[in-house]
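Notes follow once the structure below has been shown.
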Amino acid sequence: MTAEVLPQNDYMNWSLNQLSRAFGIARETVGSRLAAANVSPSGHRRGHAVYSVKDAAVAILLPTSGGIDGLQDPEKMAPQDRKAWFSSERDRLALEKEQGLLVDVEDCRQQMVKIIEVGLPIFDSLGDELERDFGLAPEIVTSIEERIYVAKTKWADAIQELD
């Protein structure tokens, strides 16, 4: 069996089949991504179009509607792609909520309030208990109560900011 010897400048021009094998993607997908990115053949070999590997790789690995690094930009998508993307996002969010990975803001707020309600009575009586049971000086107790007040204010602000 003999192999075709290619001129050095043709070595980096590959057919759809070669690109498909190299990237592990179906030949049809390679062709559609090249067409979508307006990559034109750099020549022909044995009657088949060949493409510059550099240009083809960019078109194959960074499809125009998919964005870079998996980021989506719905504004740049075709209408049917945009509809499919939003539908898939809605389904993904519903699944994550069903799995407990996402929580509704109001549910989160209610849980935080329950946790704080358990802790508030402890903090409200802490100063008196420290002074009575441990004999701490009133200045120390006042300082502790001031810090507790700051913490309670921050908690209230955090709950309000959950919108």
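Bear in mind these aren't lab numbers, they're just calculated from the coordinates by the rules spelled out. Here the structure is a predicted model, which means the values were calculated and not measured. No Cβ is skipped: glycine too gets one built from the backbone with ideal geometry, and neighbour counts run over all protein chains shown.
Observations, loosely collected:
- Partners of residue 97 within straight-line reach, counting lysines whose Cα lies under 22 Å from its Cα and excluding those fewer than 8 residues away in the same chain: 83, 114.
- Counting 0.36 nm for each residue step from residue 110 to residue 76 and taking away their Cα separation leaves a gain of 8.3 nm.
- Between residue 97 and residue 134, the simple spin-label model (points 7 angstrom out along Cα→Cβ) gives 4.5 nm.
- Magnitude of the charge dipole, the chain, Cβ model with Lys/Arg +1 and Asp/Glu -1, debye to 20: 1760
- Seen through its C-alpha gyration tensor, with square-root eigenvalues sorted a ≥ b ≥ c, the range 9-68 comes out prolate because a/c lies at 1.5 or above while a/b is bigger than b/c.
- Once the Cβ-Cβ distance of residue 40 and residue 85 is raised to the sixth power relative to R0 = 25 Å, the FRET efficiency obtained is 0.35.
- Relative frequency of Cα-Cα separations exceeding 12 Å in the range 105-160, percent: 68
- Cα-centre dipole for the range 105-160 with unit charges at Cβ (Lys and Arg positive, Asp and Glu negative), debye to 20: 220
- Over 18 Å [Cα-Cα, the chain], rounded percent: 76
- Exposure proxy ranking, count of Cβ atoms within 10 Å, fewest first, for 50, 118: 118, 50
- Listed by chain and number, the lysines whose alpha-carbon sits under 27 Å from that of residue 54, ignoring those within fewer than 8 places in the same chain, are 76.
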